[in-house]
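Since the structure comes first, as structure tokens, the remarks are kept for the end.
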Amino acid sequence: MWTVIYIAPTARVADMIKSKLMEEGFLVECRPINMSKQQFEVLVPSGELEEVQEALNLILHP
């Protein structure tokens with residue numbers, strides 16, 4: 001089961017987060033929430049949630 005870990009304001013931000021998390025070895029998916037607002041959900045398997053949250057925190061707040 002996939003869990004939303006982050007709502008990205010643009011496709012570029014979503015792709016950057018996806019790339020960095022995949023470099024860390026995580027499975028990551030991105031999907032648009034609402035095409036008129038251009039926001040994107042970043043999703044990960046629910047079993048990896050805690051590890052991904054730690055990695056995401058380091059990506060967003062280096």
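Of GLU24, GLU48, the residue with the largest accessible area leads and the full order is GLU24, GLU48 (1.4 Å probe). Gain on full extension, evaluated as 0.36 nm per residue between ALA11 and GLU23 minus their Cα-Cα distance, stands at 2.5 nm. Dipole magnitude for the chain: about 400 debye, using +1 per Lys or Arg Cβ and -1 per Asp or Glu Cβ, origin at the Cα centre. Expressed as a whole percent, the accessible surface of the chain that belongs to carbon and sulfur atoms is 52, based on a 1.4 Å probe. Annotation: the chain has a Kirkwood hydrodynamic radius of 11.5 angstrom, from the mean reciprocal C-alpha pair distance. Spacing of the modelled spin labels on ARG31 and ASN57, each 7 Å from Cα toward Cβ, amounts to 2.8 nm.
The values are calculated or read from the model by the stated rules, or taken from the named source; none is laboratory data. Treat the numbers as computed from the prediction; the structure is a model and nothing was measured. Please note: Cβ atoms are built from the backbone with ideal geometry, for glycine as well, and neighbour counts cover all protein chains shown. Side chains included, ligands, DNA and RNA excluded: accessible areas come from the protein's heavy atoms. Shrake-Rupley method; radii C 1.70, N 1.55, O 1.52, S 1.80 Å.
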